[in-house]
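K.L.:
This is the structure I have questions about; it appears just below.
None of the figures in this text is laboratory data; all of them are computed from the coordinates on show. Quick caveat, the model's predicted, so the values are computed rather than measured. Virtual Cβ from ideal backbone geometry, glycine too; neighbours counted across all protein chains shown.
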Amino acid sequence: MYKFEQYQFKSSLFDQNTIHGFGTKAYGDAKKNLRSFIQPYQTHGTTIEHINSTGLAKEYSQSPPNADGLITNIPNITLSVMTADCVPIIYSDSTKGIIGITHGGWKGTLSNISEIMISKFISLGSKVGDIKVAIGPAIGTCCYEVSDNIASRYKSNFGSSVVDSFKINLMRANYISLLRTGLLPSNIDRGFFCTSCQSNKFWSYRRDGGIIGEMISYVKLKFMS
Ligand SMILES: [Zn+2]
């Protein structure tokens, strides 16, 4: 379940050690206004960078990697992605102390970026039953018309429930991706979002006719003493 609090949406799935939020327009254009995060150069690919040292975190905060996902098991490093219709997803295993974040537009989602992230968690020692995931605000089926070609590729990857004639449901496609990894439905949070329709809260690339502003989503593992 999502709660709207201090200009952002927060998922009730996560415990207090997973500091996180899905930002809204209330921050203005987050890309211009917020800087103290590791913020990758998003390429609509499936590269996920593992930040395994504070040195690397420092390097990436000054010189961001080309990636659409970040994962770390080090506390106090804030991982972020920027979106304006694409799907931001936050991942946490508080048993192992691992967090991650991905950005998935139609390309990354179709290339199963959320499944790739779960496999990274598993390779770092997570059990799939311990991983919790929140799928953040993205463009809804109502407003996301794509080409015949893309719609049929979505149908063959995720099934007919993600396609409504030429419109696709990015958030549901990621949900299906996550279920395929063995994640429990009760460990996946979803909301009734459409960044295009809900113009008072979100920037939307489609609606705005380009990038006027973007929302930040972020996650940080709290240091446990
Ligand atoms: Zn809509």
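K.L.:
Treat the count of other C-beta atoms within 10 Å as a stand-in for reagent exposure and order Cys197, Cys142 from fewest to most. Before the final figure, lay out each step's value.
P.N.:
Numbers: Cys197 15, Cys142 12.
Lowest to highest Cβ neighbour count: Cys142, Cys197.
K.L.:
Among the listed pairs Lys25/Lys96; Lys25/Lys155; Lys32/Lys58, which are separated by more than 28 Å between their Cα atoms? Before the final figure, lay out the partial values.
P.N.:
Values: Lys25/Lys96 33 Å; Lys25/Lys155 32 Å; Lys32/Lys58 20 Å.
In this structure, Lys25/Lys96; Lys25/Lys155 lie more than 28 Å apart at Cα.
K.L.:
Relative contact order, percent, of region 1-141 when contacts are C-alpha pairs under 8 Å separated by at least 6 residues? Mind dumping the intermediate values first?
P.N.:
Values: 254 pairs, mean separation 31.7, N = 141.
Relative contact order here is 23 percent.
K.L.:
Mind jotting down the three principal axis lengths of region 4-49 based on Cα atoms? Whole angstrom, largest first.
P.N.:
Over region 4-49, Cα extents along the principal axes are 29, 25, 18 Å.
K.L.:
Tell me which residues come under 5 Å, amide H to amide H, from Ile98 once H is placed; ignore anything under 5 positions away on its chain.
P.N.:
Excluding prolines and chain starts, which carry no amide H, the hits are Asp93.
K.L.:
Okay, next question. Could you list which residues have their amide H under 5 Å from that of Ile77, counting only those 5 or more apart in sequence or on another chain, with H placed in the peptide plane?
P.N.:
Leu221
K.L.:
Suppose a student asked you for the relative contact order of region 144-215, using Cα pairs under 8 Å spaced at least 6 residues apart; what percent would you report?
P.N.:
Rounded, it is 17 percent for region 144-215.
K.L.:
Here's a follow-up. Once the mean 1/r over all distinct Cα pairs of region 1-124 is inverted, what Kirkwood radius in angstroms do you read off?
P.N.:
On the way: mean 1/r = 0.0675 Å⁻¹.
Its Kirkwood hydrodynamic radius stands at 14.8 Å.
K.L.:
Taking the square root of 5 times each eigenvalue of the Cα gyration tensor, what semi-axes in Å does the equivalent ellipsoid of region 76-205 have, largest first? Working shown, then result.
P.N.:
On the way: eigenvalues 125, 59, 27 Å².
So the equivalent ellipsoid measures 25, 17, 12 Å along its semi-axes.
K.L.:
Let me ask another. Just to check I understand the Karplus step: with θ = phi - 60° and J = 6.51 cos²θ - 1.76 cosθ + 1.60, what whole-Hz values come out for region 137-142, glycine and proline as x?
P.N.:
Per-residue couplings from phi come out as x, 9, 5, x, 4, 3 Hz.
K.L.:
Compute from the Cα atoms of the chain the Rg and the Dmax, the latter being the longest Cα-Cα distance, and quote both in angstrom.
P.N.:
Answer for the chain, Rg first and Dmax second: 16.2, 53 Å.
K.L.:
Step through the residues of region 173-181 one at a time and calculate ³J(HN,Hα) from phi using the Karplus curve (6.51 cos²θ - 1.76 cosθ + 1.60, θ = phi - 60°), rounding each to whole Hz and writing x for Gly and Pro.
P.N.:
4, 5, 4, 5, 3, 5, 4, 5, 7
K.L.:
Given Ser111, Pro137, Ser11, which one lies farthest toward the positive end of the charge dipole of the chain, if we put +1 on the Cβ of every Lys and Arg and -1 on the Cβ of every Asp and Glu?
P.N.:
Ser11
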